[in-house]
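Below: the structure, in structure tokens.
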């Protein structure tokens, strides 16, 4: 490789920070990689988990990336109609090797028109929004369709990060990072998916998230209407 | 529960950010929890992965916590002889329900004398330092010995976070968070532990980390000498 690989991860107010910090740890461990944390302005953005995150580069100053990664979180609702962000993603997607997302970040890629005709995945509670944006639902943890790589909810960002590194740099580079971050997971319970969690827990979680889900799907419908 | 649970996570220059951001996402999802990100001063600290992290409370202002969590990273070397930090941890440990660590954060707990006579775990490349600090090595992903809960390297912080929530609040609270963060991991490779990674990768990784490991073990030896 005679040229630094460039990774960029979007941050925004209301991001689920682990959607971003998981793949960030993986990308930052790629030898010689250049990694940027991107937002409109260099100012701390709020997250859903106490901390703020401070971007390292603005969208306007960002060079062409090899990998663009869009994380999720409740704050994506506002990105679905944000032309500055959607235009940035479309521009980057033209030259990027991989266009990727974690969790509900996939809906932002979708709103930019970047998943039309692609198989993709997202958080289990948002899967039904994908066809509204022209994508076909995948239930995989990480879905690769040509140069679109999308991950499931939140923690899937670590699996996604390793997958992207394997595709871009090679399997042994990904394995070296996996060993260093000791990614040998051992969840204490089997509740990580609606398919394995206790059914009453899935039902109560769906009920708790229903209002937010409804509002989000309205925003997705608006985004879909603008795509036509 | 008639009183807010208080979680505190230490940050410091040279932290491995995912050691902290993993359990942070879990703790912040506990309904009604109060979560603090702690350092000596309210100023951004560098991490090993591009971003800075900004504490939300100083050690001096921190109330008695229910859970104190010490993440790892190369920056722990300086904490091993840092009396302000070690005294803070000793004071908190007196009243905390759980004294916890992720990755090489265990060595900081050890340097504070808080693992003497306990079983504990840490990053695979630092396990041998535990007995120097009076702890017995556990090879578990998350080790519970009385009120000390220690996790393995980096990504073990997610398993640790869920384990702590299960112990403190209950299994269904932990399962609800696991479902929301879709913690249903599917590592693309089996390289997450020295036991399963390709032997030549383990050897080259050990070689690459050897200089840093030597320097660290000298600091651990100094800390052990001060404990006597």
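Shielding of peptide B:118-125 by partners, expressed as the average count of other chain Cβ atoms within 10 Å per residue Cβ, is 1. Applying the Kirkwood pairwise sum to the alpha-carbon positions of segment A:1-57 produces a hydrodynamic radius of 11.8 angstrom. Each helix, a run of at least 4 DSSP H residues, gives -39500 (n - 2.57); summed and divided by the residues of chain A, these come to -12000 deg cm²/dmol at 222 nm.
Annotation: peptides A:172-180, B:183-191, B:132-140, B:102-110, ranked by per-residue average of other Cβ atoms within 10 Å with the highest first, follow the order B:102-110, A:172-180, B:183-191, B:132-140. Within segment A:163-190, what residues put their amide N at less than 17 Å from the label point 7 Å along the Cα-to-Cβ vector of residue B:196? Only A:163, A:172, A:174-190 pass the distance filter. Ordered from longest to shortest, the equivalent ellipsoid semi-axes for the protein assembly as shown are 35, 24, 20 Å, each the square root of 5 times a Cα gyration tensor eigenvalue. Ranked from shortest, the separations from the 7 Å Cα-to-Cβ label point of residue B:117 to its equivalents in the other copies are 7.0 nm.
So for segment B:6-227, considering every pair of alpha-carbon atoms, how many percent are separated by more than 26 Å? The calculated P(r) of segment B:6-227 puts 30 percent of pairs beyond 26 Å. Taking every DSSP beta bridge that has both ends in segment A:55-181, the antiparallel portion is near 30%.
Here is how far apart the residue B:60 label points are across copies: 4.0 nm, shortest first, using a point 7 Å from Cα toward Cβ. For segment A:136-228, the convex hull drawn through the C-alpha positions has a volume of 134 cubic angstrom per residue. Projecting 7 Å from Cα along the Cα-to-Cβ direction, the label point of residue A:208 sits 3.9 nm from its equivalents in the other copies, listed shortest first. Summary of the geometry: segment A:173-227 and segment B:61-107, compared by the centres of their Cα atoms, lie 31 Å apart.
Test of understanding: extend the Cα→C-beta vector of residue A:212 to 7 Å, then name every residue of segment B:20-35 with backbone N under 16 Å from that spot. Within reach of a label on residue A:212: B:25-33. Taking 0.36 nm per residue of sequence separation and subtracting the Cα-Cα distance, how much length would be gained by fully extending the chain between residue B:172 and residue B:139, in nm to one decimal? Stretched fully, the residue B:172-residue B:139 segment lengthens by 9.2 nm.
Just so you know, all these numbers are worked out from the coordinates, no wet-lab data involved. Everything quoted here is computed from the prediction, not taken from an experiment. We place every Cβ from the backbone using ideal geometry, glycine too, and count neighbours over all the protein chains shown.
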